[in-house]
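Here's the structure, in structure tokens; my notes come after.
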Amino acid sequence: MALENKIDQILLKLDNLTLESIAEKYPTTHPNVNPYDFYRIHISEILAPITGVASEKIHSVIQWTNALDKGDFTLPIPALRIKGAKPDALGTEWAAKFPEDDPLIEKPVAAGSFLSFFVKGGPLSQSLIPMIRNLGEEYGRNRFLGLKDPKDPSKGKKRIVVEFSSPNIAKPFHAGHLRSTIIGSFLANLYEGAGWDVIRINYLGDWGKQYGLLALAYERYGDEEALKKDPIDHLFRLYVRINAEKEEELAAIEAKKKEGQDVTELLANSLDEQARRYFRKMTDRDEKALALWKRFRDLSIVRYKATYARLNIKFDEYSGESQVSEEAMEKVAKEMAEKGITREDQGAVLVDFTELIPGKEGKRLGRAVVRKRDGTALYLTRDIAELLGRYEKYKFDHMIYVVASQQDLHLQQLFKIIELLGYKDIAARCQHINFGLVLGMSTRKGTVKLYVSPFYTLAHANNITQLG
Ligand SMILES: NC(=[NH2+])NCCC[C@H](N)C(=O)O
């Protein structure tokens, strides 16, 4: 984009630079879309002769401030590593030598070992407003940041996978999922604005024994009309009801056991056991068992989509725990065993971090079961295979999981297993973005609050503040 405003022309002249020489000397900058890049360069060019330090070096350490009273930019003097000089004294000296009447920047303020720089408001707005008018919708974005090689755009964009929202079908979409949705969508938009190729994934909780239990509940109490009208609500009601029954039943069995009765048969016929068997049929891809579950999933997705649409959010992929194939899990199970990461323990398979990793870290990570005694896989097992599958499919440069801090340990275990498998490079590309807990809610007890009204409010706000 051509530079059409005077201030920037003045700046180029001031520092005796051209856009070409800037690109050469400061390859990470993009002054034609980010006016602040000019300012950082300008400060560096002024300070170079005063300090005797190369302007590129100064440029590389100038930072944003974290509070406005500290200026627009700050220079941490110790970062320049000048031997034998006291940073505080240098700060005072350099501030004194800084030109009194620079057209763009106030004389800096020395604050301890930092120099604070304040941009002059008038000239900035004179340069900024034409820039906003020129760039239009593009203003505020910097598509260069996401390039694989900033010097060679033909090499393409970096790719990021952002996994967020990820509710559990049949359970309500609670405040935790809402937070993941808002944060995840915001991050995805931000990366898009920064020129990355962004893949948005919704990893549904749609698999596990509880979906066997839910199917049983539907067979007993399900209502076709209610399901069609509001699947999420209907399934939630069934889920709470059947869980209460299951808990009651288990408590009764436990009491009988305490009295010394033989409860083997009761346990074998319990709801819990029936649910397990039902889910087993699902993992064996029994068509009948899967048909009901698939309806629950499909209807829930239709509802989710409508809600996300209000928030101006779209996903590129509705993946989910159910989409992780048994074959993929078997493959990685074999690999883990071969690489000595897993061991058997009373018929179950687990990763014992306390043995694999010495010291505190191993202790902190503890032990994690990856295959139950009855042969079924777990949440973690699915995540391991899913992560590797995503890498295979997307070859991402970075992947973010936006998940509540409740699952900090789970994600640390996941990333560590990937690393132990020898995929250090893939593990290093993964990041957990967490957020605090919403206390006092339990889906099983039915104490979850459905956040309908904030949804509307946020949808509204999102329309106005959307980044991309
Ligand atoms: N890859 C993952 N484990 N993502 C997080 C999924 C969140 C999960 N469905 C929950 O509601 O708690």
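The values are calculated or read from the model by the stated rules, or taken from the named source; none is laboratory data. For clarity, every value in this text was computed on a predicted model and none was experimentally measured. Because the Cβ atoms are built from the backbone with ideal geometry, glycine has one as well, and the counts that use them run over all protein chains shown.
Yes/no per residue for (1) at pLDDT 90 or above; (2) touching a Leu at 6+ places or on another chain (Cβ under 6 Å); (3) of a type in the set (A, V, I, L, M, F, W, C):
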{"position": "Ala2", "(1), (2), (3)": "no, no, yes"}
{"position": "Gln63", "(1), (2), (3)": "yes, no, no"}
{"position": "Leu80", "(1), (2), (3)": "yes, no, yes"}
{"position": "Lys86", "(1), (2), (3)": "yes, no, no"}
Notebook entry, point to check: Here are some residues: Ala275, Ala268. Which one is among the small types (Gly, Ala, Ser) and surrounded by fewer than 13 Cβ atoms within 10 Å (Cβ to Cβ)?
Noted result: Ala268
Check: Which one of these is small (Gly, Ala, Ser), part of a helix (DSSP H, G or I), at pLDDT 95 or above and away from the ligand (no atom under 15 Å from the Cβ): Gly389, Gly422, Gly362?
Finding: Gly362
Checklist line | Matching strands (runs of 3 or more DSSP E) fully within region 307-353 where at least 2 residues are acidic (Asp, Glu) | finding: 342-345
Next item on the list: Answer yes or no: is there a residue in region 375-383 that is outside the structural domain of Gly205 (by TED's automatic domain parsing), assigned to a helix (DSSP H, G or I) and of a type in the set (Asp, Glu).
Entry: yes
Next item on the list: Would you confirm whether any residue within region 163-180 is more than 11 Å from the ligand (Cβ to nearest atom), at pLDDT 95 or above and outside any loop (DSSP other than H, G, I, E, B)?
Entry: no
Notebook entry, point to check: Looking at region 192-223, which of its residues are of a type in the set (Asp, Glu), assigned to a loop (DSSP other than H, G, I, E, B) and touching a residue at least 60 places away in the same chain (Cβ under 8 Å)?
Noted result: Asp206
Notebook entry, point to check: So His410 fits all but one of (1) farther than 29 Å from Leu147 by Cα; (2) surrounded by fewer than 20 Cβ atoms within 10 Å (Cβ to Cβ); (3) more than 16 Å from the ligand (Cβ to nearest atom); what number is the exception?
Noted result: (3)
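Listed here are the residues, each with its yes/no results for (1) in a helix (DSSP H, G or I); (2) of a type in the set (A, V, I, L, M, F, W, C); (3) touching a Gly at 6+ places or on another chain (Cβ under 8 Å); (4) within 21 Å of Asn16 (Cα to Cα).
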site: Ile43; (1), (2), (3), (4): yes, yes, no, yes
site: Ile50; (1), (2), (3), (4): yes, yes, no, yes
site: Ser60; (1), (2), (3), (4): yes, no, no, yes
site: Gly84; (1), (2), (3), (4): no, no, no, no
site: Gly91; (1), (2), (3), (4): yes, no, yes, no
site: Trp94; (1), (2), (3), (4): yes, yes, no, no
site: Asp101; (1), (2), (3), (4): no, no, no, yes
site: Ala110; (1), (2), (3), (4): no, yes, yes, no
site: Leu115; (1), (2), (3), (4): no, yes, yes, no
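So that you can scan it fast, the table gives a plain yes or no per residue for (1) surrounded by 14 or more Cβ atoms within 10 Å (Cβ to Cβ); (2) of a type in the set (S, T, N, Q); (3) touching an Asp or Glu at 6+ places or on another chain (Cβ under 7 Å); (4) closer than 30 Å to Tyr211 by Cα:
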site	(1), (2), (3), (4)
Leu124	yes, no, no, no
Asn142	yes, yes, no, no
Asp149	no, no, no, no
Lys155	no, no, yes, no
Arg179	yes, no, no, yes
Checklist line | Residue among Thr18, Thr29 that alone is exposed (fewer than 12 other Cβ atoms within 10 Å of the Cβ), under 22 Å from Asp152 (Cα atoms) and either in contact with a strand residue (DSSP E or B) (Cβ under 6 Å, 6 or more places away or on another chain) or modelled with pLDDT under 95 (or both) | finding: Thr18
Next item on the list: Would you be able to say whether some residue in region 201-212 is under 27 Å from Trp293 (Cα atoms), out of contact with any Gly (no Cβ under 9 Å at 6 or more places or on another chain) and among the charged types (D, E, K, R)?
Entry: yes
